[in-house]
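Reviewing the structure listed below.
The values are calculated or read from the model by the stated rules, or taken from the named source; none is laboratory data. Please read these numbers as outputs of a predicted model, since none were measured by experiment. Here the Cβ positions follow ideal geometry from the backbone for every residue, glycine too, while neighbour counts run over all protein chains shown.
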Amino acid sequence: MDAVAAPVGTVCAAPVGTNVDSRRSSHAAAPRLTRTGSVSDRSGVSPAAKNPKGKTGSGSDNGPDDVGEVSKPRPDVTRKGVEMIHAKLYDLLRKQGVKPIDALGADFDPHLHQAVVHEESPEHREGEVIGELRKGYTLNDRLLRPAMVKVAKA
């Protein structure tokens with residue numbers, strides 16, 4: 001038997017051995033996305049019409065009240081989270097042998113420092129690092145990244 005393609009727009013029968021009614025009933029209660037982008041169930045009534053106040057029904061204060069509402073940013077919580085991640089990463093790198101280079105107040109060492117700025121300063125000695133523009137790091141006493149520094153001139 002040769003298979004013949006049906007014209008576009010026609011409805012084909014289900015394959016033999018499938019229960020068409022069970023397939024339809026499993027999807028009947030599933031929510032679907034409408035053309036406007038809102039979610040509605042198969043009954044044709046949108047969730048907003050079922051709940052005119054726009055509440056999600058959870059009753060908790062943990063999330064936004066309306067479906068489309070965005071929660072307010074909380075910089076204190078975000079800052080604490082970033083600081084916690086930074087501390088964990090710093091600790092992990094320290095355990096692997098990464099150490100920051102202490103540049104301020106030290107004599108300029110071309111093996112550890114990259115001089116970016118030379119500044120005349122009568123209160124500092126010649127060649128002393130008086131500013132650090134970017135932190136440098138070593139890994140097991142080998143240079144990973146030189147510290148970008150400001151060096152004093154007499």
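Quick notes on this one:
- Qualifying positions in the stretch 104-131 - in contact with a Gly (Cβ under 8 Å, 6 or more places away or on another chain), closer than 23 Å to R142 by Cα and aliphatic (A, V, I, L, M): L104, L112, V129
- Every condition in (1) modelled with pLDDT of 90 or more; (2) part of a loop (DSSP other than H, G, I, E, B) holds for G63 except the one numbered (1).
- Failed item in (1) modelled with pLDDT of 95 or more; (2) touching a Phe, Trp or Tyr at 6+ places or on another chain (Cβ under 6 Å), with Y137 passing the rest: (2)
- The residues of the stretch 71-106 that are acidic (D, E) and modelled with pLDDT under 95, listed by number, are D76, D102.
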